[in-house]
Amino acid sequence: MARREAPAAGPGSRALIVDVIRSAVAISRVELADVTGLTQPSISNIVRDLIADGIIHEVGSAGSLRGKPRKLIAINPQNRFGVGFHLGAETITCVAIDLTGGMIGREVVPRPTGDLAGLLATRFDDFTAGLDLPPSRIEGLAVVAPTPYPGRPEPTFDRAWLSSRLGLPVIVENDAAAAALGEFWSRRVSREQAFGSIYVSTGIGAGFVFGGALFRGASFDAGELGHVSVDYAGRPCPCGNQGCVERYASMAAIVADARETPQLRDRLATATSDSSAYDAVARAAVSGDEIAFEVLERAAAHLSVAVTSVVNLLDLGRLVLTGPGVAVAGSIYARRVRAHLERTAHARNRHPVTVELSAQPRDAAGIGAAALVVQASIAPGHTPGQVA
């Protein structure tokens, strides 16, 4: 019987094949057909185009039961590059990655005031020139930032002007969602996994990748985990809700709790920002300070409740904890989240929920921004972002 073409053999077939090659590291055309359900002619045509574009290349061969060695193909990392900027409150983190998500450049600079689009254009020129990246191989720029509370202004700039000035696509996304895609891409997670990440920073966000595509929601606002209530009569939140987990487990909330704790208040007196104060508490907690540990442990317990709700709602199978909030004391969060999910995840008897820590939590949003560019370039067909 002739093999039937799977539904994926439409416009998304190229994205499907790129995703499978990315997650497999190296794979043969025969294996691609088995995994994707596409016919050999479709595989051959798409692979030929990807090789011609320089996106993949042949990397050797493997033995076969049929006698003839199978040629293996893999992503060609250095063929193209993505650039991402993460707009923090005081800094801009600039990141460049290759096609596999490997970081090839990083820079953190103060965030100046003034015309944001013009500043970003100048920063892009300086950053890419410093890395000596060939302009013809840069696929675009993504700019990510935290999502503001409802009613508060968000940082805006003329994306159309910036795109025209750079001669490249410009993507805008929230930082937590971008971090999820960056973890998905650089970890070579399979598109078959229901994947999510929790981004712990001055607020708390989340991002989800299903079928290789970032889930964005109706207004690109999906993943506001920080505003899941863990206490309906709890602390008021600027979003209008009460008991939001962000008010208990974010970096800002932990610093506020620490400043109200006599044993910790003095050691935070010299901290110049919430970030430096949080790091001081986190370092104390992992160094054996029982009071600091209790503050972090309470925060992790609140976060675990919210995470379990999300895992149950979406039936996630793999979760990464990332963001600057887990850079120092991530083990405290991870241990508490794992233990809570082992007791309370609804599907725990059907499948485990893997909880991992990010390898580069402070840079996750910038890496994710650059990954948005890479995915849009070499794996088109996923949910489109806000592109100018």
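Quick notes on this structure:
- Each Cα pair under 8 Å and six or more residues apart adds its separation to the average, and for the stretch 87-222 the resulting relative contact order is 19 percent.
- Theoretical FRET efficiency, 1/(1+(r/R0)^6), r = Cβ-Cβ of Glu107 and Ser44, R0 35 Å, to 0.05: 0.25
- Test item: Cα-centred dipole of the chain, Lys/Arg +1 and Asp/Glu -1 on Cβ, debye: 1280 debye
- FRET efficiency, Glu297 to Ser190 (Cβ-Cβ, R0 25 Å, nearest 0.05): 0.15
- Highest-fluctuation residue, Ala33, Ala301, Ala176 considered, GNM on the chain with Cα pairs under 10 Å: Ala33
- The stretch 292-388: C-alpha gyration tensor shape, a/c 1.5 cut-off, then a/b vs b/c: oblate
- Computed about the Cα centre, the dipole magnitude for the stretch 274-380 is approximately 420 debye when only Lys and Arg (+1) and Asp and Glu (-1) carry charge, each at its Cβ.
- When Rg and the Kirkwood radius Rh are both evaluated on Cα atoms of the stretch 146-272, their ratio Rg/Rh stands at 1.06.
- Heavy-atom accessible surface of the chain: percent carbon and sulfur, 1.4 Å: 51 percent
- Diffusion constant of the chain at 4 °C, which comes from Stokes-Einstein with the Kirkwood Cα-pair radius and 1.567 mPa s, µm²/s: 59 µm²/s
- Of Pro41, Pro135, Pro146, the residue with the greatest mean-square motion in the GNM of the chain, using alpha carbon springs below 10 Å, is Pro41.
- With contacts taken as Cα pairs under 8 Å and at least 6 residues apart, the stretch 305-388 reaches a relative contact order of 36 percent.
- Only helices reaching 24 angstrom along their own axis (Cα) with mean Kyte-Doolittle hydropathy no lower than -0.5 count here, and for the DSSP H runs of the chain these are 290-314.
- DSSP-defined beta bridges in the stretch 85-153 - what % are antiparallel, rounded to 5: 85 percent
- Exposed loop sites were defined as GluC sites (Glu not before Pro) in DSSP loop states (anything but H, G, I, E or B) carrying at most 12 other C-beta atoms within 10 Å; in the chain the longest segment without such a site runs 91-259.
- Positive end of the dipole of the chain (Cβ unit charges, origin at the Cα centre): among Tyr149, Leu120, Leu16, the Cα lying farthest that way belongs to Leu16.
- Size of charge dipole - the stretch 165-258 - debye, nearest 20, with Cβ of Lys, Arg +1 and Asp, Glu -1, no other charges: 260 debye
- Global geometry of the stretch 106-211, whether rounded, prolate or oblate, following the gyration tensor of its Cα atoms and the 1.5 cut on a/c: oblate
- Stokes-Einstein D in µm²/s, Kirkwood radius over Cα pairs - the stretch 241-335 at 20 °C with 1.002 mPa s viscosity: 156 µm²/s
- Look at the alpha carbon pairs under 8 Å that are at least 6 residues apart: their mean separation over the length of the chain gives a relative contact order of 19 percent.
- MRE, 222 nm, helices only [DSSP H, n ≥ 4, -39500 (n - 2.57), over the chain, to nearest 500]: -12500 deg cm²/dmol
- GNM remark for the chain: springs join alpha carbons under 10 Å apart, and the peak mean-square fluctuation among Asp19, Asp175, Asp115 falls on Asp115.
- In the chain, taking the dipole from charged Cβ atoms about the Cα centre, the farthest positive-side position among Ala292, Gly101, Gly223 is held by Gly101.
- Fraction of antiparallel bridges per DSSP, the chain only, in percent to nearest 5: 65 percent
- Spin-label pair Asn349/Glu58, simplified geometry with 7 Å Cα→Cβ offset, distance in nm: 5.2 nm
The values are calculated or read from the model by the stated rules, or taken from the named source; none is laboratory data. In this text the structure is predicted, and so the values were computed from the model without any measurement. Virtual Cβ from ideal backbone geometry, glycine too; neighbours counted across all protein chains shown. Accessible surface areas use protein heavy atoms only, side chains included; no ligands, DNA or RNA. Shrake-Rupley method; radii C 1.70, N 1.55, O 1.52, S 1.80 Å.
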